[in-house]
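The values are calculated or read from the model by the stated rules, or taken from the named source; none is laboratory data. Worth saying up front: this structure is predicted, and the values here are computed from it rather than measured. Here Cβ is always computed from backbone atoms with ideal geometry, including for glycine, and neighbour counts include all displayed protein chains.
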Amino acid sequence: MSDFFGFVGQADAYIDILTDAGVSTGMVLKGNCKAFTPEPHFGTKELIGNGLNNFGQAICSVTIPKPMTATIVFNQLDRDLFALAFFGTSSAAQTSGTMTDKAITAIVGKGVSLGRYLVSDVVVKDSSGATTYNAGDDYTVNTNLGMITVLADGAIGEGDGLLVSCSYAAAGASMEAMTKSNVRIAVKLDGKNYADGKTFVTEIYKMRLASSSDFSLVGSDFVEVTFKGTLETPEGGSTPMKHVWLS
């Protein structure tokens, strides 16, 4: 390659979410990586003169390297990256099934959760099971939330015991936030410099994530998620990052 070049980088970002023990779980292409910014850090020690002729001047200075950091920005996610934004874990949310005679207590005008999502074929009876109430007249159902709301002008009174039966469908995935305090990832960029067409690979061996950007679950713009972290040099290694020009 030539000695001088401009750089406009584009890349596919492959992420390996390491286990708590630092073991690889495999590289996976993750979403749309908008930016990837490694940053070296240095500190300076200075010997300052106190003499008549050199007061306040640096007699000697030493530059000391500090751990590198990196920032990765995604504006398209998969479920694992979504979970990482909240330092959480992703798992199956709910398998399909049925619920029979779940006991709840009526709260007029307010929703009561059934503990399941995506409910259907809902039947609400009194605590004895003898009386069946009518949807729309006595109560309403939020099928997504699995929530029963008793209507004020219906036949169900405040505090009445109810028995609810229903079916529920399988839900895709569940994210439980703040279940992981130490999150480490490995990163590989399969990249290209669009200024000259040269291809490259960048590797981050271990990156321990710190705080990330806010994630608004309600809004009118596409969310961008920013992951920040400290780069760690692997055992037996001498560098936390490697960049290879393939052409």
| query | What's the number of the condition F200 fails, among (1) at pLDDT below 95; (2) more than 23 Å from the chain's Cα centre (by Cα); (3) outside any loop (DSSP other than H, G, I, E, B)? | reply | (1)
| task | Evaluate segment 215-238: report whether one residue or more is among the aliphatic types (A, V, I, L, M), modelled with pLDDT of 95 or more and under 23 Å from P67 (Cα atoms). | result | yes
| query | Residues in segment 230-247: is at least one within 15 Å of V73 (Cβ to Cβ) and either part of a strand (DSSP E or B) or among the aliphatic types (A, V, I, L, M) (or both)? | reply | no
| task | Give segment 1-26 a look and list any residue that's hydrophobic (A, V, I, L, M, F, W, C) and surrounded by 14 or more Cβ atoms within 10 Å (Cβ to Cβ), or say none. | result | A11, A13, I15, I17, L18
| remark: Here the residues within segment 1-35 that are of a type outside the set (G, A, S), out of contact with any Ser or Thr (no Cβ under 9 Å at 6 or more places or on another chain) and free of Cβ contacts under 8 Å to residues at least 60 places away in the same chain are D3, F4, V23, V28, L29, K30, N32
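Kindly evaluate V225 against the criterion of being among the aliphatic types (A, V, I, L, M), farther than 18 Å from V73 by Cβ and touching a residue at least 40 places away in the same chain (Cβ under 8 Å).
Values: among the aliphatic types (A, V, I, L, M): yes; farther than 18 Å from V73 by Cβ: no; touching a residue at least 40 places away in the same chain (Cβ under 8 Å): yes.
Against the criterion (among the aliphatic types (A, V, I, L, M), farther than 18 Å from V73 by Cβ and touching a residue at least 40 places away in the same chain (Cβ under 8 Å)), V225 does not qualify.
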| request: For residues that are outside any strand (DSSP E or B) and more than 26 Å from K180 (Cβ to Cβ), tally how many sit in segment 1-34. | output: 8
| field | Failed condition for R79, given (1) in contact with a Phe, Trp or Tyr (Cβ under 7 Å, 6 or more places away or on another chain); (2) of a type outside the set (S, T, N, Q); (3) not assigned by TED's automatic domain parsing to the domain that holds T149 | value | (1)
| query | If V218 satisfies every condition in (1) within 29 Å of A92 (Cβ to Cβ); (2) more than 22 Å from the chain's Cα centre (by Cα) but one, which is the exception? | reply | (2)
| said: For segment 176-212, give me each residue that is surrounded by fewer than 18 Cβ atoms within 10 Å (Cβ to Cβ), within 30 Å of Q94 (Cβ to Cβ) and in contact with an Asp or Glu (Cβ under 7 Å, 6 or more places away or on another chain). | reply: N182
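Quick check on this structure: which one of A210, A171 is of a type in the set (A, V, I, L, M, F, W, C) and more than 20 Å from K30 (Cβ to Cβ)? Can you show your working first?
Values: A210 fails: more than 20 Å from K30 (Cβ to Cβ).
Checking each option against the conditions leaves just A171.
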| Of the numbered conditions (1) of a type in the set (A, V, I, L, M); (2) modelled with pLDDT of 95 or more; (3) farther than 14 Å from A186 by Cβ, V73 satisfies every one except a single condition; which is it? | (2)
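For segment 36-72: of the residues being free of Cβ contacts under 8 Å to residues at least 60 places away in the same chain, assigned to a strand (DSSP E or B) and of a type in the set (S, T, N, Q), which is nearest to E224 (Cα to Cα)? Please lay out each step first, then the result.
If we filter segment 36-72 for residues that are free of Cβ contacts under 8 Å to residues at least 60 places away in the same chain, which is where we start, we get 37, 39-66.
Now restrict to residues that are assigned to a strand (DSSP E or B): 37, 39-48, 58-66.
Checking which are of a type in the set (S, T, N, Q) leaves us with 37, 44, 61, 63.
Numbers: T37: 15, T44: 35, S61: 41, T63: 35 Å.
So the residue we want is T37.
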| said: Given the criteria assigned to a strand (DSSP E or B), closer than 30 Å to L18 by Cα and not β-branched (V, I, T), does F82 qualify? | reply: no
